[in-house]
Amino acid sequence: MNKTTIQEAFKILAGAFPEARKPIGLHEPSFSGQEWNYVKDCLDSGWVSSVGEYVNRFERMLEEYTGVNHAIATVNGTAALHICLILAGVSADDEVLIPSLTFVATANAVRYCGAIPHFVDVDLLSLGIDTVKLRTYLEQIAIRKSDGCYNRNTGRRIRGLVVMHTFGHPSDLDSIQSVCQEYNITLIEDAAEALGSFYKGKHCGNWGASATLSFNGNKVVTCGGGGAILTNNKDIAQQARHITTTAKLPHAWEFYHDQTGYNYRMPNINAALGCAQLEKLPTFIREKREIAKNYHRLYANFNGAHVFNEQQYSSSNYWLNLLIFSGITRHERDELLGMCHEANILCRPIWTPMHRLPMYESCPRMDLSITEKLHERVICLPSGTRLSRHE
Ligand SMILES: *Cc1c(COP(=O)(O)O)cnc(C)c1O
């Protein structure tokens, strides 16, 4: 049956892109607003680097849109995550729980702190951390001490948990937050893919001690490159601002730095692009939800796979749409991807799970059977906002 399943799935997709003479990317940026004007303004004024009005404006716009009190713009989402972990107290030989199903940046940022990623599984409905499974696992391996949570097997402290909103679809934040509170583990949200996604009516990024966004070229909104730290905690915001700007104390001429800081602030020229993009965000989200609807329509009567649908509790930005097969092998998945690429439709698999990468294969982990399954059975469909106009 699988051979025909794959061919059918391909036929439906190819039918949706009759004009795929030029390659259809997974997510291409769209510049139809004030991008040229704002970037030109930076060049005209000479304010292109790490200070300037667009950075402030970009941060205020993010605060307003997300409802998070403080936004600090950074050079990229990975740097933002690195800072969030540092400010959560993550240090050498701590463990940080993260999904194995994530982009490599999540695990890398943990390693930048000298800490050890500890991989947890996801569930099929949210594609985020499976909290039922996590709770059962922690009951077995965690010891609660007065100063925090420890791993019984390794003796190391479990300092934090990074939840990731997979492809923009919100994880079940309330239940993850309550597990973290119960075990005294600091929650951080990797919301890199989730700008424009809401959980129970509130924007993602409001649950963790801090959260991160990414504005890489393939994300919902792009600055060329960029990221942001979001937090409702004023102290964390102040420290984040300080250590992302080389920990320099403000002074008219003196160079004085009171700790080892980072050169992680977003340049003004990137923020200018970001401001123009943020003005279009409500339009982007409308278009992206339209694309998702189209995919649902296309595959409504198809047996053997379904298009991922948001959970009742969430309103997703549908950054990427996913076709989830009920049972194909890795080989069949690759066959399908091969057909798509040949037809100029540049579908992709999901990431190789972190515990399959050489630098992370010896890290501690729970049973990761759902992650493994998803890796075999999911393909990501082209989901850029430009698509909605020629469908
Ligand atoms: C894009 C992304 C990041 C950060 O990426 P940058 O390219 O550093 O901005 C982090 N985590 C996830 C899950 C991502 O998708």
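The values are calculated or read from the model by the stated rules, or taken from the named source; none is laboratory data. Nothing here was measured: the structure is a model prediction, and the numbers come from that model. We place every Cβ from the backbone using ideal geometry, glycine too, and count neighbours over all the protein chains shown.
Considering segment 192-233, the residues that are part of a strand (DSSP E or B) and of a type in the set (S, T, Y) include one that is nearest to I176 (Cα to Cα), namely Y199.
Residues checked against (1) over 30 Å from N301 (Cβ atoms); (2) within 17 Å of the chain's Cα centre (by Cα):
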{"residue": "T5", "(1), (2)": "no, no"}
{"residue": "V39", "(1), (2)": "yes, no"}
{"residue": "V51", "(1), (2)": "yes, no"}
{"residue": "L87", "(1), (2)": "yes, no"}
{"residue": "S100", "(1), (2)": "yes, yes"}
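May I ask you to verify whether V51 is away from the ligand (no atom under 12 Å from the Cβ) and either assigned to a helix (DSSP H, G or I) or surrounded by 15 or more Cβ atoms within 10 Å (Cβ to Cβ) (or both)? So V51 does not fit the description; no. One residue is enough: does segment 313-333 have a residue meeting the conditions assigned to a helix (DSSP H, G or I), in contact (Cβ under 8 Å) with a residue 60 or more places away in the chain and hydroxyl-bearing (S, T, Y)? The answer is no; no qualifying residue exists. When you look at E287, is it acidic (D, E) and part of a helix (DSSP H, G or I), yes or no? Yes: the conditions hold for E287. S210 satisfies every condition listed in (1) under 17 Å from T74 (Cα atoms); (2) surrounded by fewer than 24 Cβ atoms within 10 Å (Cβ to Cβ) except (2). The residues of segment 299-326 that are touching a Lys or Arg at 6+ places or on another chain (Cβ under 7 Å) and at positive phi amount to a single one, Y318. Mind listing whichever residues of segment 335-364 are within 21 Å of the chain's Cα centre (by Cα) and outside any loop (DSSP other than H, G, I, E, B)? Result: R348, P349, M354, H355, R356.
Give the residues of segment 352-385 that are within 30 Å of G155 (Cβ to Cβ) and touching a Phe, Trp or Tyr at 6+ places or on another chain (Cβ under 7 Å), sorted by residue number. Hits for segment 352-385 are M354, H355, C363, R365, M366, L368. Within segment 84-115, the only residue that satisfies the criterion of being more than 10 Å from the ligand (Cβ to nearest atom), assigned to a helix (DSSP H, G or I) and touching a Ser or Thr at 6+ places or on another chain (Cβ under 6 Å) is C84.
Selection of first residues in segment 262-282 that are closer than 13 Å to L195 by Cβ and buried (at least 23 other Cβ atoms within 10 Å of the Cβ) and of second residues that are among the polar types (S, T, N, Q) and modelled with pLDDT under 95, restricted to Cβ pairs under 9 Å at least 6 apart or on distinct chains, gives the following pairs, ordered by first then second residue: Q277/S30.
Here the condition is being out of contact with any His (no Cβ under 7 Å at 6 or more places or on another chain) and within 16 Å of the ligand (Cβ to nearest atom); of I229, I185, I143, I243, it holds for I229 alone. Confirm whether A142 is on the phi < 0 side of the Ramachandran plot and touching a Lys or Arg at 6+ places or on another chain (Cβ under 8 Å). Here the answer is yes, as A142 does meet what is asked. The residue that is surrounded by the fewest Cβ atoms within 10 Å (Cβ to Cβ), counting only those in segment 173-192 that are within 30 Å of L381 (Cα to Cα) and in contact with a helix residue (DSSP H, G or I) (Cβ under 6 Å, 6 or more places away or on another chain), is S175. Residues that are surrounded by fewer than 16 Cβ atoms within 10 Å (Cβ to Cβ) and in a helix (DSSP H, G or I): does segment 23-35 have at least one? No, segment 23-35 contains no residue that is surrounded by fewer than 16 Cβ atoms within 10 Å (Cβ to Cβ) and in a helix (DSSP H, G or I).
Among the residues examined, E19 qualifies as of a type in the set (D, E) and within 30 Å of P349 (Cα to Cα). Among the residues of segment 120-171, just one is under 15 Å from the mean Cα position of the chain (by Cα) and farther than 23 Å from N108 by Cα, namely S126. When segment 234-284 is filtered for residues that are basic (K, R) and in a helix (DSSP H, G or I), the ones remaining, listed by number, are K234, R241. Scanning segment 54-70 for residues that are surrounded by fewer than 24 Cβ atoms within 10 Å (Cβ to Cβ) and outside any helix (DSSP H, G or I) yields G67, N69, H70. Among residues of segment 54-82 that are more than 16 Å from the ligand (Cβ to nearest atom), those with a Cβ under 7 angstrom from a residue that is acidic (D, E) and assigned to a helix (DSSP H, G or I), sequence gap 6+ or separate chain, pair up as N69/E63; H70/E63.
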